[in-house]
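The values are calculated or read from the model by the stated rules, or taken from the named source; none is laboratory data. Source: prediction; values computed, not measured. Note: ideal-geometry Cβ built from the backbone for every residue, glycine included; neighbour counts use all protein chains shown.
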4 protein chains.
Amino acid sequence: MNTFGTLFRLTTFGESHGPALGSVIDGCPAGVPLTRDMLQAALDRRRPGQSALVTARNEPDTVEILSGVFEDKTLGTPIAAIVRNTNQRSQDYNQLATVDRPGHADAVWRERYKHRDHRGGGRTSGRETLCRVIGGTIAEAYLARDLPSLSTVAYVSQVGELVASVPAPGLTRAMVDAHATRCPDAAVRDEMSRRILAAKEAGDSLGGAIDVRVEGLPVGLGEPIFGKLKALIAQALGSIGAVTGVVWGPPDLLQRIGQPGTQFHAVKDAYGGIQGGLANGEPMQVRAFFKPPATLADHAKGGRHDPCIMPRAVPVLEAMVSLVIADLVQQLNARPHSA
Amino acid sequence: MNTFGTLFRLTTFGESHGPALGSVIDGCPAGVPLTRDMLQAALDRRRPGQSALVTARNEPDTVEILSGVFEDKTLGTPIAAIVRNTNQRSQDYNQLATVDRPGHADAVWRERYKHRDHRGGGRTSGRETLCRVIGGTIAEAYLARDLPSLSTVAYVSQVGELVASVPAPGLTRAMVDAHATRCPDAAVRDEMSRRILAAKEAGDSLGGAIDVRVEGLPVGLGEPIFGKLKALIAQALGSIGAVTGVVWGPPDLLQRIGQPGTQFHAVKDAYGGIQGGLANGEPMQVRAFFKPPATLADHAKGGRHDPCIMPRAVPVLEAMVSLVIADLVQQLNARPHSA
Amino acid sequence: MNTFGTLFRLTTFGESHGPALGSVIDGCPAGVPLTRDMLQAALDRRRPGQSALVTARNEPDTVEILSGVFEDKTLGTPIAAIVRNTNQRSQDYNQLATVDRPGHADAVWRERYKHRDHRGGGRTSGRETLCRVIGGTIAEAYLARDLPSLSTVAYVSQVGELVASVPAPGLTRAMVDAHATRCPDAAVRDEMSRRILAAKEAGDSLGGAIDVRVEGLPVGLGEPIFGKLKALIAQALGSIGAVTGVVWGPPDLLQRIGQPGTQFHAVKDAYGGIQGGLANGEPMQVRAFFKPPATLADHAKGGRHDPCIMPRAVPVLEAMVSLVIADLVQQLNARPHSA
Amino acid sequence: MNTFGTLFRLTTFGESHGPALGSVIDGCPAGVPLTRDMLQAALDRRRPGQSALVTARNEPDTVEILSGVFEDKTLGTPIAAIVRNTNQRSQDYNQLATVDRPGHADAVWRERYKHRDHRGGGRTSGRETLCRVIGGTIAEAYLARDLPSLSTVAYVSQVGELVASVPAPGLTRAMVDAHATRCPDAAVRDEMSRRILAAKEAGDSLGGAIDVRVEGLPVGLGEPIFGKLKALIAQALGSIGAVTGVVWGPPDLLQRIGQPGTQFHAVKDAYGGIQGGLANGEPMQVRAFFKPPATLADHAKGGRHDPCIMPRAVPVLEAMVSLVIADLVQQLNARPHSA
């Protein structure tokens, strides 16, 4: 379905070549400072055309708030915001009306839905992730009011075969955004850039990984059994099209998974900030693996696809994690326990 | 929360040292053949004491059906089934009333809930997974009626550093159950056994991985955006306590994640049976990574904990995947599309 | 919350003096014929300024579809549609910034939400019901494809002390719309008109009742226990601001509630089409009672409020009932039962 | 479906002639005092055989708690409780295997579910309401901790043609339970008794009404639009089998519905404690109308059915209202608003 969350809920809509995409956030309390500029700044971090590393499509992605905000504060009512599709160039896609794009989900979608918009990906386009960024930004505005010391930062940790090494404390989004790769490891990021550009030139593509690090979570955040923090994070990140794996724990977790328990548990942070499904007060660390994008040679050459989706996906992962946290914080508020 | 699913829903309850654990399945249609023996056989695959590889606790885990079944067929009403806790030995745990077990979630749970049952893990005990097996078995009974060619088989694919190689087609549960490790790879499984026994002897533990392979999924299964097949599978498996990572795709996916797209997508099955979030008609393949269990030396020596949880977790993963499929099949039924 | 339904789901947003109101429908299958004109025609039945009986506010309520429709058919993706607020005249409301309107929920809302839009009712304005009409019209388009013989018709059955008598079979919306009161009983409707106009003149208001009659429901529609057809209808109609009571059964039900069972059950249709919570194949009949609107003398004199909300509420009730039916039809589809 | 509520959730199961009925409450916080005796006392108020006015079936309805409670306090985990069916006498029903009981939902249920338990009502039996009483009692235990001044009292306000008059303040459950009719109006209750006994003698039945009065609700309780307090109360009461109408407001509301607004709104309490869908701080007052039970002459003569269900339904209505309040209180907790 197109809604995420139980109490702090994001509903999204829109096809890549329809009139508009949009988000409705239900469950944000009243009195949270929120402006159009905050949403626009977040969308600008995700949009195409930011650097040579990503697609040259130049969509301005201008956001408009339709409801839920008055005098720059939330009203406690649903917040709706939309982005109109301006750069549709649907004539590029006319040829696609009768052919499915190899490597894409077109055939599967057609078999299921019978009737589809053949112009681009429609609802399966990565363009839907802008709706997640809108929702996540509102979640962050809310969390900034109620958990001011919370910090959620994602960064590119692997491109192709190149793996970054990023020391834990004090990472900021500004440090991540300082390089077009969104990898904060100065030792590898320039080489990452070169490989992405080479792939672009060759009509090829690269995958890798993004890490998300969250500091300042309330101890006990998460719901037992099926609503465990790690289960909801897995669903949240697993719902992103290109993600093909999610691992909770320190960056070297998969290297150490074969160790006996006495060694495995000997290091601090063995749990990645989660025990028994609940936040344990340590920084939470999660890694999402990304497949290299499927490529359509002629289109890729036209420069309209991303050779490496990850630099633009960083704010999308932050958004999804923030949505999970906002929802769980409200669950925690809902039921004060006593001894 | 303690409910999983939207249409085919499992609600579970019970603490490891309370009177009983149980499951309520809501949304199973009427007329599905279901007997107590079917549930008992499934629980017997999960219970302790099956072999030297797992904990020696000898809980018979006898199941009783309380509702929803009449003359060996479901009624379309909620199916409730319980297992009473008989081997509570709570005196073993009296000493735990005041100390938290290192490596366990006791301290986090206490901070959140204030009041807790100090006898063993309570609700965080792995014993809750028997409720999932009950639910999953009912899901499988339902799917057997409506999708008779569906096959869901999980198997141990890694123990410590040892990685199995399992050719895809034709794997059955009987083949998996034929060895105490539940690894079907004859080349490594005896060595896996030896290492588990050595860990047990040393008061140590081992993690690794379990793979789940599903054949016969309807093309298009899954819901767009947040209800993608892979997102729900991630939540389902990520909700299991010891799981620390979930990867969709062929067994060698993480070895190949660094390849350029032209290579990565060149092999058949590069998608692990999922495209655009929906089943594409190919076998679905998923891997869950398991941390080695936290050990309590003295307890482990007493033989009351599992040195390697994975052989017993195999039916739990099958159950969770079956629950996801049953729910999504009903979503697919709910809305016939037209051209 | 601002979402209604489980499978066929309506999410609404918008304040009466914000930029726009809107609806998102999730769960409508692909291939359903749907055009902007269908939505506009439905909104025109609800909008102000249709006759002397209702408010003179002249809001055109022009609807725009943002997603989910392609070449005049639904895509199976979320359908979003908005109506911009054009006739805001918020200067009329400036005086309200510091005073709560007597008889309105302003004080309660302020106490709960702290921050509110003082310009008119904000989210509590009856204007939000246009979002329900959008959702209900999409539900009807869907039901027209799958249950072509279904008919849902609401009509005004009481205005002040005047009670209509409307014979059951063959009632159509055209017959209802033929008179400005939306009462099909020629014996009382002119007098109803006169009384509404007199109330308007006097700065007063009138309540009464609306009946909804549904023919062609599938036998067995409804879910057991908490999802009974009558329970969901009660929630659906009870969620409309001015509704103060809901009764299922024939129009004379409350007159006959004191009869002994042998008499009460002797008449055909004693059940109003519902038995055991499920549709029994007979026409379903429901009545909703409406309080007279709270009046603000000076505003009422300015002609900007409805002396009698019911003629305009008729399409709103039809919409809510259609949403319930669409949702339950999908529940019925989801699980084929067998003997 | 068989679950009620969003945060404080009741799931029920069980058929009238199966092994057991039961309830699972999810979302009750830890540390709430709760004992088996509290549940048993609540069930004893609902059970058959309490007086000559109700069915002579003598089911002890002994409750057992299976989980969620430790040392007489809740654990914050799901609370499961069951009641075994002991007095099944299913031989009485053997004749029913092939005939549907006139006036009952048997035929509708059979058409929908194909396979059913022909012994008595199965899942449609009024016996399922004991599960609601279990859930409601837990809700009340929770509310007693967090809202100690809250009072929820239901009483019989009409039997057949006899209507009670009950002054508002200070009504207690003890005052209601003091008479077998559960009507606190001394002027009519003895006559009510006589008419119920006469109906019983004649193999006939009587309906009427129950009022529920709630004092001490937090101002602002309820969720906007579809989650209005009155909408959820309507669903909650409308989900009870015999209820055929729900009216919010003072007891004379339907007598005054025809008044012009200036008169209607002139009295205090015109809103029944609800404005804009939210509690306004005044006592909430709701009335539910009950159909006379369908009768099966020979069975009624055997004394196994209730000639008037209402005295036993009083605790069921209190339970449903308490469940709604518990859920909405958690929603209110979840999101602190600011100016």
- Note on the structure: Taking the range B:157-171 and keeping residues over 20 Å from the mean Cα position of the chain (by Cα), in a loop (DSSP other than H, G, I, E, B) and within 13 Å of chain A (Cβ to nearest Cβ) leaves B:Glu161
- Among residues belonging to the range C:325-339 that are over 13 Å from C:Glu223 (Cβ atoms) and among the aliphatic types (A, V, I, L, M), point out the one that is farthest from the other protein chains (Cβ to nearest Cβ). C:Ala326
- Item | Members of the range A:198-231 found to be part of a helix (DSSP H, G or I), more than 7 Å from every other protein chain (Cβ to nearest Cβ) and farther than 15 Å from A:Gly281 by Cβ, listed by number | A:Ala198, A:Lys200, A:Glu201
- Query: in contact (Cβ under 8 Å) with a residue 40 or more places away in the chain, more than 14 Å from chain D (Cβ to nearest Cβ) and under 30 Å from D:Phe8 (Cα atoms), is that true of A:Leu10?
  - Reply: yes
- Message: Can you find a residue that is without any contact (Cβ under 8 Å) to a residue 24 or more places away in the chain, in contact with a strand residue (DSSP E or B) (Cβ under 6 Å, 6 or more places away or on another chain) and at the interface with chain B (Cβ under 10 Å from one of its Cβ atoms) anywhere in the range A:118-137?
- Response: no
- Task: Test C:Val32 against the criterion of being within 12 Å of chain B (Cβ to nearest Cβ), in a strand (DSSP E or B) and under 24 Å from A:His115 (Cα atoms), and give yes or no.
- Result: yes
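Considering the range D:8-20 alone, what residues qualify as being surrounded by fewer than 22 Cβ atoms within 10 Å (Cβ to Cβ) and either outside any loop (DSSP other than H, G, I, E, B) or at pLDDT 95 or above (or both)?
Within the range D:8-20, D:Pro19, D:Ala20 qualify.
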- Item | Scan of the range C:152-171 for residues that are more than 22 Å from C:Ser51 (Cβ to Cβ) and either surrounded by fewer than 17 Cβ atoms within 10 Å (Cβ to Cβ) or not hydroxyl-bearing (Ser, Thr, Tyr) (or both), ordered by number | C:Ser165, C:Pro167, C:Ala168, C:Pro169, C:Gly170
- Message: A:Ala174 - would you say it is surrounded by fewer than 22 Cβ atoms within 10 Å (Cβ to Cβ), in contact (Cβ under 8 Å) with a residue 24 or more places away in the chain, more than 12 Å from every other protein chain (Cβ to nearest Cβ) and not in a strand (DSSP E or B)?
- Response: no
- Is it true that C:Val246 is crowded, with 24+ Cβ neighbours inside 10 Å, out of contact with any Ser or Thr (no Cβ under 7 Å at 6 or more places or on another chain), within 8 Å of another protein chain (Cβ to nearest Cβ) and not small (Gly, Ala, Ser)? yes
- Limited to the range C:17-47, what total is found for residues that are within 21 Å of C:Lys200 (Cα to Cα) and either small (Gly, Ala, Ser) or in contact with an Asp or Glu (Cβ under 6 Å, 6 or more places away or on another chain) (or both)? 1
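Which of the following residues is touching a residue at least 40 places away in the same chain (Cβ under 8 Å), within 12 Å of chain A (Cβ to nearest Cβ) and in a loop (DSSP other than H, G, I, E, B): B:Ala294, B:Ala266, B:Ala236?
B:Ala294
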- Message: Which condition from (1) farther than 22 Å from C:Thr74 by Cα; (2) modelled with pLDDT under 85 is the one that A:Gln91 breaks?
- Response: (1)
- Single match in C:Arg182, C:Arg195 (criterion: in a loop (DSSP other than H, G, I, E, B) and closer than 24 Å to D:Leu253 by Cβ): C:Arg182
- Task: Quick one: D:His305 ticks every box in (1) in contact with a helix residue (DSSP H, G or I) (Cβ under 6 Å, 6 or more places away or on another chain); (2) modelled with pLDDT of 95 or more; (3) more than 9 Å from chain C (Cβ to nearest Cβ) except a single one, so which number is it?
- Result: (2)
- Query: Quick one: would you say D:Leu253 is at the interface with chain C (Cβ under 7 Å from one of its Cβ atoms), under 24 Å from D:Pro167 (Cβ atoms) and either out of contact with any Ser or Thr (no Cβ under 9 Å at 6 or more places or on another chain) or surrounded by fewer than 24 Cβ atoms within 10 Å (Cβ to Cβ) (or both)?
  - Reply: yes
- Item | Failed item in (1) buried (at least 21 other Cβ atoms within 10 Å of the Cβ); (2) more than 29 Å from B:Glu161 (Cβ to Cβ); (3) at pLDDT below 95, with B:Gly273 passing the rest | (2)
- Checking B:Ala199 against (1) closer than 30 Å to A:Ala236 by Cβ; (2) of a type in the set (Gly, Ala, Ser); (3) touching a residue at least 40 places away in the same chain (Cβ under 8 Å), which test does it fail? (1)
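Please pick out the residue among D:Ser193, D:Ser205 that is touching a residue at least 40 places away in the same chain (Cβ under 8 Å), in contact with a Ser or Thr (Cβ under 6 Å, 6 or more places away or on another chain) and surrounded by fewer than 24 Cβ atoms within 10 Å (Cβ to Cβ).
Selected residue: D:Ser193, the only one of D:Ser193, D:Ser205 that is touching a residue at least 40 places away in the same chain (Cβ under 8 Å), in contact with a Ser or Thr (Cβ under 6 Å, 6 or more places away or on another chain) and surrounded by fewer than 24 Cβ atoms within 10 Å (Cβ to Cβ).
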- Message: Quick check on B:Leu53: is it among the aliphatic types (A, V, I, L, M), at pLDDT below 95 and buried (at least 20 other Cβ atoms within 10 Å of the Cβ)?
- Response: yes
- Query: Applying the selection to the range B:239-263, what residues are assigned to a strand (DSSP E or B) and under 19 Å from A:Ile240 (Cβ atoms)?
  - Reply: B:Gly245, B:Val246, B:Val247, B:Trp248
- Checked against (1) outside any loop (DSSP other than H, G, I, E, B); (2) modelled with pLDDT under 75, B:Ile65 satisfies every condition except (2)
